[in-house]
């Protein structure tokens with residue numbers, strides 16, 4: 001019986017994420033209703049991951065989350081010059097040194113290889 005309770009507790013603690021693509025972000029930012037729904041959904045997950053987005057969209061999503069949830073901490077991780085604006089907008093920025101160059105690492109709070 002205890003194992004059943006332990007398993008139920010573990011399931012309750014599973015991490016959840018939203019993965020959003022650039023084309024979806026274009027639709028979301030074009031509609032205040034969609035933006036409100038997206039932000040409401042993002043409040044119930046542990047992480048929001050954006051993929052295949054433009055540099056401007058990267059910064060916009062960080063600003064969107066920061067303005068809606070001022071007490072939450074944002075983390076941006078990037079490896080190139082196109083990630084600099086996003087890294088600068090986040091509370092914590094991590095730049096990855098690598099093939100893309102050093103611009104992200106130079107603008108970040110932390111740099112990793």
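Please specify each residue of segment 17-62 satisfying the condition of being under 17 Å from residue 78 (Cβ atoms) and in a helix (DSSP H, G or I).
Correct list: 22, 25, 55, 56, 57, 58, 59, 60, 61, 62.
Name the single residue, out of those in segment 63-78 being in contact with a helix residue (DSSP H, G or I) (Cβ under 6 Å, 6 or more places away or on another chain) and in a strand (DSSP E or B), that is nearest to residue 18 (Cα to Cα).
76
Residue under question is residue 113, and the condition is that it be surrounded by fewer than 18 Cβ atoms within 10 Å (Cβ to Cβ), in contact with a strand residue (DSSP E or B) (Cβ under 9 Å, 6 or more places away or on another chain), touching a residue at least 24 places away in the same chain (Cβ under 8 Å) and more than 19 Å from residue 48 (Cα to Cα); does it hold?
Answer is no for this residue.
To keep it simple, each residue is scored yes or no on (1) surrounded by fewer than 19 Cβ atoms within 10 Å (Cβ to Cβ); (2) on the phi > 0 side of the Ramachandran plot; (3) at pLDDT below 95; (4) touching a strand residue (DSSP E or B) at 6+ places or on another chain (Cβ under 8 Å).
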{"position": "59", "(1), (2), (3), (4)": "no, no, yes, no"}
{"position": "66", "(1), (2), (3), (4)": "yes, no, yes, no"}
{"position": "79", "(1), (2), (3), (4)": "no, no, yes, yes"}
{"position": "93", "(1), (2), (3), (4)": "no, no, no, yes"}
{"position": "100", "(1), (2), (3), (4)": "yes, no, yes, no"}
{"position": "106", "(1), (2), (3), (4)": "yes, no, yes, yes"}
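Can you tell me how many residues in segment 79-107 are outside any strand (DSSP E or B) and over 14 Å from residue 61 (Cα atoms)? Talk me through it step by step, then tell me what you get.
To start, the set of residues in segment 79-107 that are outside any strand (DSSP E or B) comprises 79-91, 97, 99-100, 102-107.
Filter again for over 14 Å from residue 61 (Cα atoms), leaving 79-82, 97, 99-100, 102-107.
Residues in segment 79-107 being outside any strand (DSSP E or B) and over 14 Å from residue 61 (Cα atoms): 13 in total.
The values are calculated or read from the model by the stated rules, or taken from the named source; none is laboratory data. The model shown is predicted, which means the values in this text are computed figures rather than measured ones. In this analysis, Cβ positions are derived from the backbone assuming ideal geometry, glycine residues included, and neighbour counts consider all displayed protein chains.
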